[in-house]
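A.B. asks: Shown below is the structure under consideration.
Every number here is computed from the coordinates shown, using simple stated rules; none is lab data. In this text, all values refer to a predicted model and were calculated from it rather than measured experimentally. As a convention, Cβ positions derive from the backbone with ideal geometry for all residues, glycine included, and neighbour counts pool all protein chains shown.
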């Protein structure tokens, strides 16, 4: 094994819950980034992969464990580790050249030297002619080129990419990714290792020498998959297809935590997170599954291609379907249950009724809200009550998300109503025949 | 950079003196030269006049002859700019401190919130003696007091906007600054200040109008029985009012008109156009400000050279104040955050607050009496009623007008500029006219003085509504047409909700200005006649004239409570509503 550059040893990170107790975002993460490799981090939302990236960048401090860079403890951002951001993080008031020179300027390098180095990188990354442009004049792809040039000009040993291609359209993202790979393989950049956080499984498989799959709540490394395919890889090739399939399987298999997609059936509890699955997506996928060519059973990568959802989105939606008892997973395939098939052919009113029933049965948060409304004389309760409850087990952001999902689902299932202005959840009015 | 032929040319030229060879410049340079020279001469003359021997009690020559007006204008302008510069520095320091140190933030931000609602007169009467003592035997002391007074009318909202800007720097940009190891100094110049710049400039413009509004109060100072009238347009107006000289007022209005126009064209327009690059939305927008002067300046080589020199100096300082170590150094190691200093600091603040409350109670019971407090609160309610009523009236008039203008793009941009200009114009200049009319027709000052409060601030309402209406998405407009919305339904379901956020922004500014204006508007003099409306503004003004410090303090304190309460209970809520719900 070649020389390690960055090592994480039993790293943990916590946040404070509403009751003041610590909730783990990351727990016991061991990871070593070696010279000469590209590693991809995959995981469902909330699995702490972004947190881990930021710990490696020195942007946040780990609460437990050790972070070593070249064998020395890392207390903050290091000169040898640079990062490319998801939304580019360019300074809009600086020209392309000034943006690229930012890090050099911060080091106090003389202007001529700066310009010389910047020019070289700008040419390398295909930005020549745009030196004087402001970021707002550029398209997304060109902006991310600036972001990459800004990192590369610092000649970093380690390049961290935080979903660097996900804000770009598919075509642009792929093209940029290939270019980076070419630069990396031809040795035109002095970078010794690249760490990519992604929610695109294909991207990870195409780029990485090693894929790390994260489990959530708390985030930790669930599986590691070495990829020994030669570059350049073809996305259509059998080997790549099989690997993608395998990653899907790994991501959904294993001892699932509550609230996340998995093959084993896990009962959801009141304070768990809910999948960010919109009604329209769920119904769309149900219908898709019921029809040609799937007939109730689909291979996940195929389904991803068909729906054009990102992998993260798709997994969330599937998770929603599984929780509600409309579908289940085996061997990386998704299958419709009888109820799911029935749902796909039902009329709108029947669907809503069915949806409501399943909610009451399988989603404790929704059931709890309904119970609360029935108990209460006035029939309405402020949402804050539930938010506070959720904050005991979830971060403020996650709690908000979970409640939003519960409200959207509950409204669709005709279980309760919600007033956005007042933030009050109300008992659903009985349908009257003559009501328009 | 140098092309081969220019290298050749340099060779040929090497026998000539440098000044001849390198005398660059283009025709734009030559055209600008007289303007630059004139500005320099005027500035030198004006500042020389500011520092002259002066003893308290010595009368300063002042004439109502209109030929003196340009000179007075120059003096006032100089003061304004010095105060503006000071406000700018203050804002930056304030924002840097409060965003960097949690302890400072805890004290300074609420303090500023209070200072902001204290009317300018309050500062003047307290500080002027100290300033005079600082420069004995020189006019500079009084000048400083006047400048400080203007500063207090400008600094607070600028500081707030800078603070807001610094705090809302997007997380990813902030992380980028950390990853690329920007030091505090570098971060300030490359990230925080540019990000806060548009808001800061916008507030600077409003501050300037605020400064003009109180130009009379800041230049005609009464201290320890002495009446000092500093040469300036404010004193000119004060004297014209004292002598009931309508012609002089007319001249002053004309001079102000020219001054505001010049500020707008020569200072703010170029600045706003320049600051366009700091807008954070990364997509281009067509609402960019245009300025002929900026275009001109950008074409002249000399000014470009000066700008480059400044950029160069900044670059050098940026290179100088860099981080000496990165995250691998032991010096980057952070200690476990300790809660002890926080707790101690909280305890200190609590102690100070309790002491202040206690001494306030003591002060009220010994100096003014509780019944007086009740009286002042009643006065506050009068003024509050006026502010609300007038705002409603102004909204009734300007919302339909603003919507109509905003929907007609041909009119919108032009009218908006005019409205901005009108907002900057100090309307207290037309107060004497109101006095004459009220006296002539024997009207009730309690009612007829009120409109003066909103005279200047209503324009904020207008130009915000115009801005709101002109940004209604075209598709929404078409949808409204398609569904045949008309009459009241059209207003209720479509137009009013669409402009609500910008209306609230405008109304916040307008009410803030109206409270401040009440001090001048509820107590208006013209020669020997003085008209008073019942209200907290006239109370403060009256007590200032009488020199009754405890009662000035009481009046100001109560006004603060009203303004802050109103902001907190009404505007903040409406603003949140607009933010969360009614936007595109």
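A.B. asks: Alpha carbons only, please: Rg and Dmax for the range B:146-287, in angstrom.
C.D. replies: 20.4, 66
A.B. asks: Convex hull over the alpha-carbon atoms of the range A:4-252: what's its volume per residue in Å³?
C.D. replies: Taking only Cα atoms, the range A:4-252 has a hull volume of 136 Å³ per residue.
A.B. asks: Please report, in cubic angstrom per residue, the volume enclosed by the convex hull of the alpha-carbon atoms of the range A:279-344. If you can, show how the numbers build up before the last one.
C.D. replies: Working: hull volume 4.8 nm³, N = 66.
Enclosed volume per residue, from the Cα hull, is 73 Å³.
A.B. asks: Further, regarding this structure: Hey, in the GNM for chain A with a 10 angstrom Cα cutoff, which one of A:39, A:197, A:153 fluctuates hardest?
C.D. replies: Sorting by GNM fluctuation, first place goes to A:153.
A.B. asks: Let me ask something additional. Roughly speaking, what % of Cα-Cα pairs in chain B are separated by over 30 Å, rounded to a whole number?
C.D. replies: 60
A.B. asks: Would you order B:562, B:151 from fewest to most other beta-carbon atoms within 10 Å of each residue's own beta-carbon?
C.D. replies: B:562, B:151
A.B. asks: Roughly how crowded by other chains is peptide A:144-156, in terms of the mean Cβ count from those chains within 10 Å of each of its Cβ atoms?
C.D. replies: Values: counts 0, 0, 0, 1, 0, 0, 3, 3, 0, 0, 3, 0, 1.
Shielding by partners across A:144-156 averages 1.
A.B. asks: I would also like to ask the following. What's the percent breakdown of Cα-Cα distances in chain A across 20 Å bins, shortest bin first?
C.D. replies: Binned Cα distances yield the sequence 23, 50, 25, 2.
A.B. asks: Determine the relative contact order of the range A:361-427: mean sequence separation of Cα pairs under 8 Å and six or more apart, normalised by residue count, in whole percent.
C.D. replies: With pairs under 8 Å counted, the relative contact order is 39 percent.
A.B. asks: If you don't mind, another one. Take peptide A:135-143, look around each residue's Cβ out to 10 angstrom, count Cβ atoms belonging to other protein chains, and average those counts.
C.D. replies: Partner Cβ neighbours, averaged per residue: 2.
A.B. asks: Taking the Kirkwood radius as the inverse of the mean 1/r across Cα pairs, report the Rg/Rh of the range B:456-508.
C.D. replies: 1.04
A.B. asks: Helix-only mean residue ellipticity at 222 nm, the protein assembly as shown, DSSP H runs n ≥ 4 weighted -39,500 (n - 2.57), per residue, nearest 500. What is it?
C.D. replies: On the way: 44 runs with 597 residues, N = 1020.
Dividing the helical sum by the residues of the protein assembly as shown leaves -18500 deg cm²/dmol.
A.B. asks: Continuing with this model, one more query. How big is the range A:1-98 along each principal axis, measuring the range of its Cα positions in Å and listing the largest first?
C.D. replies: So the three principal-axis extents are 48, 40, 26 Å.
A.B. asks: Using 7 Å Cα-to-Cβ label points, what is the residue B:360/residue B:564 separation (nm, one decimal)?
C.D. replies: Going by the 7 Å Cα→Cβ label model, 0.7 nm.
A.B. asks: In nm², what is the average projected area of the convex hull enclosing the Cα atoms of the protein assembly as shown?
C.D. replies: Values: hull surface 207.5 nm².
Mean projected area for the protein assembly as shown: 51.9 nm², to one decimal.
A.B. asks: Quick one: B:205, B:564, fewest Cβ neighbours within 10 Å first, how do they rank?
C.D. replies: Taking fewest neighbouring Cβ atoms as first place, the list is B:564, B:205.
A.B. asks: Mind ranking A:230-238, B:434-442 by how tightly packed they are, going by the mean number of other C-beta atoms within 10 angstrom, highest first? Could you put the intermediate results ahead of the total?
C.D. replies: On the way: A:230-238: 10.4, B:434-442: 13.7.
Descending mean neighbour count gives B:434-442, A:230-238.
A.B. asks: OK, next. For chain B, what is the relative contact order in percent, using Cα pairs closer than 8 Å and at least 6 residues apart in sequence?
C.D. replies: Value for chain B: 16 percent.
A.B. asks: Based on other C-beta atoms within 10 Å, arrange B:560, B:144 from fewest to most.
C.D. replies: Final ranking by Cβ density, sparse to dense: B:560, B:144.
A.B. asks: Take peptide A:79-86, look around each residue's Cβ out to 10 angstrom, count Cβ atoms belonging to other protein chains, and average those counts.
C.D. replies: Per-residue shielding by partner chains comes out at 4.
A.B. asks: For the range B:43-162, what mean projected area does the convex hull of the alpha carbons give, in nm²?
C.D. replies: Hull-based average projected area comes out at 8.8 nm².
A.B. asks: I would also like to ask the following. Convex hull over the Cα atoms of the range A:41-118, averaged projected area in nm²?
C.D. replies: One quarter of the hull surface, i.e. the mean projection, equals 7.2 nm².
A.B. asks: Find the relative contact order for the range B:75-204 and round it to a whole percent, using C-alpha pairs within less than 8 Å whose residues are 6+ positions apart. Numbers along the way, then the final one.
C.D. replies: Working: 122 pairs, mean separation 44.2, N = 130.
Taking the mean separation of contacting Cα pairs over the length of the range B:75-204, I get 34 percent.
A.B. asks: Could you state the angle between the C-alpha long axis of helix A:311-323 and the longest principal axis of the C-alpha atoms of chain A, as a value from 0 to 90 degrees rounded to the nearest 10?
C.D. replies: Roughly 20 degrees, rounded to the nearest 10.
A.B. asks: Another one. Per residue, how big is the convex hull of the range A:325-436 when only Cα atoms are used? Give it in Å³.
C.D. replies: It comes to 136 Å³ per residue, whole-number rounded.
A.B. asks: So, how do all the Cα-to-Cα distances of the range B:369-580 break down into 5 Å bins, in percent, from 0 on up?
C.D. replies: Pair shares across the bins are 1, 7, 13, 16, 16, 14, 11, 9, 6, 4, 2, 1, 0, 0.
A.B. asks: Percent of alpha carbon pairs in the range B:42-324 separated by more than 31 Å?
C.D. replies: 38
A.B. asks: Still on this structure, I have one more. So for the range B:350-432, Kirkwood radius off the Cα pairs, Stokes-Einstein at 25 °C and 0.890 mPa s: how many µm² s⁻¹?
C.D. replies: Taking Rh from Cα pairs, D becomes 141 µm²/s.
A.B. asks: In addition: Given the protein assembly as shown, what percent of its DSSP beta bridges are antiparallel, to the nearest 5?
C.D. replies: Antiparallel: roughly 70 percent of the beta bridges in the protein assembly as shown.
A.B. asks: Please state, as a whole number in µm²/s, the translational diffusion coefficient that the Stokes-Einstein equation yields for the range A:118-277 at 10 °C and 1.306 mPa s, with Rh defined as the Kirkwood radius across alpha carbon pairs.
C.D. replies: Translational D for this selection: 89 µm²/s.
A.B. asks: Arranged from highest to lowest average of other beta-carbon atoms within 10 Å per residue, in what order do the peptides B:250-259, B:534-543, A:160-169 appear?
C.D. replies: Working: B:250-259: 18.0, B:534-543: 24.9, A:160-169: 20.9.
Per-residue Cβ counts within 10 Å, averaged per peptide and sorted highest first, yield B:534-543, A:160-169, B:250-259.
A.B. asks: Further, regarding this structure: What is the P(r) of the range B:289-398, as percent of Cα-Cα pairs per 10 Å bin from 0?
C.D. replies: Spelled out bin by bin, the range B:289-398 gives 10, 12, 12, 14, 19, 27, 5 percent.
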